[in-house]
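This report refers to the structure that appears directly beneath it.
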Amino acid sequence: MISPSRIVALVMAAGYSRRFGDQDKRRAPLADGRPLLAASVTQAQQAFAQLRVVIREEDDPALLGLADDVPLIRIQQAHGGLGASLAEAVTALGRDSQLQSIEAVAILLGDMPCLQRDTLLALQRQATRDTIVRPCHGGRPGHPVIFGRTLKP
């Protein structure tokens, strides 16, 4: 088992969500008025000591509802899809001097504001540096997925 302080949450929010048309889904207001991405990040911050939000290079974090102190990873390959974005973001994590003791990476999607803190903490308790942890509900796999450090290659 890994200490929760040695797991970083990587909130993936660089996608284009083309299926939503011209509107930026990340900015969509929830019933309480908060933007979707901002609400998702707030949920993640309540469960993870370390967090990075992945956005496109040209994004304005303030327009996405992100606070000034939210640590960002700006990527250039978002047009290549989630796989390309994830590869670029994980590479950036490896260069982040504040994260050298990280033992696992939790991949969260930026459009999941209803993830419960208890669920996120339970997943972290299952994480090891040699495993992949993925939640399941009703026989269906879900998110987030936590990858142990030895699986990075």
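Any chance you could give the angle, 0 to 90 degrees and rounded to 10, that helix 36-45 forms with the longest Cα principal axis of the chain?
Taking Cα atoms only, the helix is inclined about 20 degrees.
One quarter of the convex hull surface, Cα atoms only: what value does that give for the range 34-153 in nm²?
Averaged projected area of the range 34-153's Cα convex hull equals 7.9 nm².
Okay, helix-only estimate at 222 nm for the chain: each DSSP H run of n ≥ 4 adds -39500 (n - 2.57), divide by all residues, round to 500 deg cm²/dmol; what do you get?
Theoretical 222 nm ellipticity from helices: -7000 deg cm²/dmol.
Pick out, in residue order, every one of the trypsin sites (Lys or Arg not before Pro) in the range 31-81 that is DSSP loop and has at most 15 other C-beta atoms within 10 Å; say none if there are none.
Values: sites: Arg52, Arg56, Arg74; in loops: none.
Passing sites in the range 31-81 do not exist.
Report the extension gain between Ala87 and Val145 in nm, rounded to one decimal, defined as 0.36 nm multiplied by the number of residues separating them, less their alpha carbon distance. Walk me through the numbers before you get to the answer.
Values: separation 58, 0.36 × 58 = 20.88 nm, distance 1.48 nm.
Separation in residues times 0.36 nm, less the Cα-Cα distance, equals 19.4 nm.
Each reported figure results from applying straightforward, stated rules to the coordinates on display, with no laboratory input. Just so we're clear, the structure is a prediction, and the values are computed from it rather than from any experiment. Cβ coordinates were reconstructed from backbone atoms using ideal geometry, including for glycine residues, and neighbour counts include every protein chain displayed.
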